[in-house]
Amino acid sequence: MPELPEVVTVVKLLAPKIIHQTIVKFEIYYRKLLWRNEVDDFKQRVENQTIQNIYNKGKYIIIELENDVIISHLRMEGRWSVEPQKQLSYKENWLEAQFIFQDGNVLRYYDSRKFGTLEIVSKATFLSGEALKNVGPAVLDPNLTAKYLYDVFRKNKRPIKTVLLDQSIIAGIGNIYDNEILFAAKINPLTLANQISLKKVENILKHAHNIIEHSISVGGTTIHSFAPQKDVIGGYQDFLKVHGREKQECYVCQTKIEKMKIQGRGTYFCPFCQK
DNA sequence: ATATAGGCCTGACAGC
DNA sequence: TGCTGTCAGGCCTATA
């Protein structure tokens with residue numbers, strides 16, 4: 001599911017429901033959700049802690065407790081939900097973990113594909129940067145300048161499509177927005193990163209900002225399954241220009257949109273607009 | 001150091 | 001109605 005706009009949407013919806021809530025009990029139903037922590041350790045560290053804040057860095061969701069920080073990644077299908085104990089928003093066999101609050105509501109994590117991960121680290125470790133050391137500046141981070149990107153691209157011989165997906169260079173772009181950004185910037189996805197001029201990098205960044213901001217403003221993109229919460233969907237799927245539009249006409253030049261695989265990812269582009 | 005393939009999982013959908 | 005194969009918003013690891 002989620003790329004930056006979807007993660008931001010989830011965080012916005014979750015924030016008022018979980019900040020200042022105290023976790024009285026933690027229960028887990030899918031051991032591998034905690035890929036780096038022991039269950040007992042995780043449980044002991046979250047119980048009786050109050051949630052202080054929630055925000056995101058790229059596609060990662062950061063939930064701050066008093067002493068520790070929970071790092072959540074939804075991967076393809078992860079979903080968070082705050083709900084009454086007796087009411088499950090999604091299928092019971094998707095439920096992987098739950099945090100029971102003092103007020104009786106429950107913060108639940110569901111994942112139909114079981115790809116998502118949860119990790120807890122101390123605040124000191126988190127502040128050291130160790131936990132997210134492979135996560136670069138986020139798309140909308142003011143530190144992400146065209147000059148920085150240009151310098152990274154110059155040393156990179158991979159296709160631009162692949163480089164934009166590299167979270168250590170830019171955090172937050174996934175396959176959908178990668179396709180959309182390259183279409184907007186009129187750049188062929190196979191173009192090698194080191195062949196792109198500074199002017200074109202500026203253009204890519206400008207379109208990345210526009211597209212990501214627009215998508216955030218309408219609550220992200222819902223295709224396949226993304227839902228920020230039960231019965232709520234995003235709105236950006238109505239604005240997609242190439243993603244998922246194989247064999248349909250380009251809105252700009254009427255050429256048929258094509259699909260190819262780059263590094264195993266479905267890549268949609270207009271062969272005329274993106275030469 | 002870098003590029004690719006495989007793996008993690010399930011659900012939806014197309015084609016037979 | 002199945003059954004089989006393919007594909008899917010991501011990322012990590014092992015191998016070449």
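See the values below:
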read-out	value
The lone exception for A:LYS256 - which of (1) in contact (Cβ under 8 Å) with a residue 60 or more places away in the chain; (2) charged (D, E, K, R); (3) open to solvent by 30 Å² or more (accessible area, probe 1.4 Å) it fails	(1)
Where A:GLU213 falls short, out of the listed (1) open to solvent by less than 60 Å² (accessible area, probe 1.4 Å); (2) within 22 Å of the chain's Cα centre (by Cα)	(1)
Helices (runs of 4 or more DSSP H) lying entirely in segment A:121-201 (those with 1 or more residues that are surrounded by fewer than 20 Cβ atoms within 10 Å (Cβ to Cβ) and in contact with a His (Cβ under 9 Å, 6 or more places away or on another chain))	A:175-184
Test: A:TYR90 is closer than 28 Å to A:GLN167 by Cα, among the aromatic types (Phe, Trp, Tyr) and either within 16 Å of DNA strand B (Cβ to nearest atom) or not assigned by TED's automatic domain parsing to the domain that holds A:ILE181 (or both)	no
Cβ-Cβ under 8 Å pairs, at least 6 apart or on other chains, segment A:133-158 side assigned by TED's automatic domain parsing to the domain that holds A:ALA171 and more than 13 Å from DNA strand B (Cβ to nearest atom), far side at pLDDT below 90 and of a type in the set (A, V, I, L, M)	none
Residue in segment A:203-210 that is outside the structural domain of A:SER89 (by TED's automatic domain parsing), assigned to a loop (DSSP other than H, G, I, E, B) and in contact (Cβ under 8 Å) with a residue 60 or more places away in the chain present	no
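Quick grid of which residues meet (1) touching a Pro at 6+ places or on another chain (Cβ under 8 Å); (2) over 19 Å from A:LEU165 (Cβ atoms); (3) within 16 Å of DNA strand B (Cβ to nearest atom); (4) modelled with pLDDT of 95 or more:
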{"residue": "A:ALA184", "(1), (2), (3), (4)": "no, no, no, yes"}
{"residue": "A:GLN195", "(1), (2), (3), (4)": "no, no, yes, no"}
{"residue": "A:SER215", "(1), (2), (3), (4)": "yes, no, no, no"}
{"residue": "A:THR222", "(1), (2), (3), (4)": "no, yes, yes, no"}
{"residue": "A:TYR236", "(1), (2), (3), (4)": "yes, no, no, no"}
{"residue": "A:GLY244", "(1), (2), (3), (4)": "no, no, yes, no"}
{"residue": "A:GLN248", "(1), (2), (3), (4)": "no, yes, yes, no"}
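The values are calculated or read from the model by the stated rules, or taken from the named source; none is laboratory data. Predicted model, so just to flag it, every value in this text is computed and none were measured. Note: ideal-geometry Cβ built from the backbone for every residue, glycine included; neighbour counts use all protein chains shown. SASA here: full protein model, heavy atoms, side chains in, ligands and nucleic acids out. Shrake-Rupley method; radii C 1.70, N 1.55, O 1.52, S 1.80 Å.
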